[in-house]
Amino acid sequence: MKMFIKALRTDRSRIVSLADLTEILNSIPTSCWTDRIGEGLGLLARETDGRSLPAADVIEWLAEWAREAWGEQRGLKLLTAHRAKGLEFDDVVILDGGWERPSRNEDQDAPRRLFYVAMTRARRNLVVMSNDNHEYLPTQSPAVIKRYVTPDLAAFPGPRRYFQSAEARLVDLSFAGRQRENHPALGAIAKAQIGDPMTLVREHDRWHMKDSSGRTLGRMAKNFTPPGNTRFVRGEIAAILRWRKEDGDKPFHHTLKRDAWEIIIPEMVFETL
């Protein structure tokens, strides 16, 4: 998005058409993020009926669209019933396990109230999974449609896997900002692209990200540890963030050697040993 906006800012007063915007987008290396911008351009074309607009107006529209698009749900969202409070979804699946047991310092009716919260998050479809008769649903009721499924265990071969999604809190945000100008990590980061493979390597007391050539791409946060009793299977670059000196804490500004830098954010897969 920063590359896209930078191209528009070369002449904020010029009138740009959808073809101009598409040409700019096609000049940027393809990734999941360029796909998202493409969706935004499609929406812009529908809202403006394909009319050309000043570049400044397009930039302002993209800023508003990006704020809304970032919060859109895509794919499967896995969260606890507590975290779902206040949210709504078209389709909800409530997993089995532990609904009859109150947490510490909760009254005996707390799980029932929480289950009610989970059920009422659904706008269109609600599925409740259970190994047997559910604690809070009637066994015989016209309101309950039962489906019995025999799991195909052969479809899930191998050990259990853990998927770590891309989150900025996982990495050392100031790592590249502290390196000298000719540090090899800066060159590796500059050549990195969304979707490139990465590996996780333990060096001294910290975990480091490496590219396919073994060059350092960044360092994980101090409190990062892989899931217990697992091994790293694979990883890829999910996002590249632009970070500024002013985005960090002032007490640590004296350790930084540049005003802005890029940060690699990974997605990783681990499996049980």
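Each reported figure results from applying straightforward, stated rules to the coordinates on display, with no laboratory input. All of these numbers come straight from a predicted model, not from anything done at the bench. Please note: Cβ atoms are built from the backbone with ideal geometry, for glycine as well, and neighbour counts cover all protein chains shown.
Structural size metrics of the chain, computed from C-alpha coordinates, are Rg and Dmax of 24.1, 72 Å.
Pairs exceeding 30 Å between alpha-carbon atoms, taken from 2/257; 6/245; 222/250; 77/250: 77/250. For residue 259 and residue 83, a Förster radius of 35 Å and the Cβ-Cβ distance give a FRET efficiency of 0.45, rounded to the nearest 0.05.
Comparing Cα centroids, segment 135-159 and segment 72-110 end up 18 angstrom apart.
First measure r as the distance between the Cβ atoms of residue 224 and residue 96, then evaluate 1/(1 + (r/R0)^6) with R0 = 45 Å and state the FRET efficiency to the nearest 0.05. So the FRET efficiency works out to roughly 0.90.
Under the simplified labelling scheme, the residue 39-residue 17 pair shows an inter-label distance of 2.7 nm, with each label point 7 Å from Cα along Cα→Cβ. If you plug the beta carbon distance of residue 112 and residue 56 into 1/(1 + (r/R0)^6) with R0 = 51 Å, you get a FRET efficiency near 0.40. Rounded if a/c is under 1.5, else prolate if a/b is larger than b/c, else oblate: which is segment 2-70, with a ≥ b ≥ c the root eigenvalues of its Cα gyration tensor? Cα axes put segment 2-70 in the rounded bin. Farthest toward the positive end of the dipole of the chain, out of 171, 80, 182, is the Cα of 182, where the dipole comes from beta carbon charges about the Cα centre.
Taking 20 Å as the straight-line reach from the Cα of residue 210, the aspartates and glutamates in range (excluding those fewer than 8 positions away in the same chain) are 167, 172, 181, 196, 236, 262, 267, 271.
Based on Cα contacts under 8 Å between residues 6+ apart, segment 89-149 shows a relative contact order of 43 percent.
Placing unit charges on the Cβ atoms only, positive for Lys and Arg and negative for Asp and Glu, gives segment 89-149 a dipole magnitude near 220 debye about its Cα centre.
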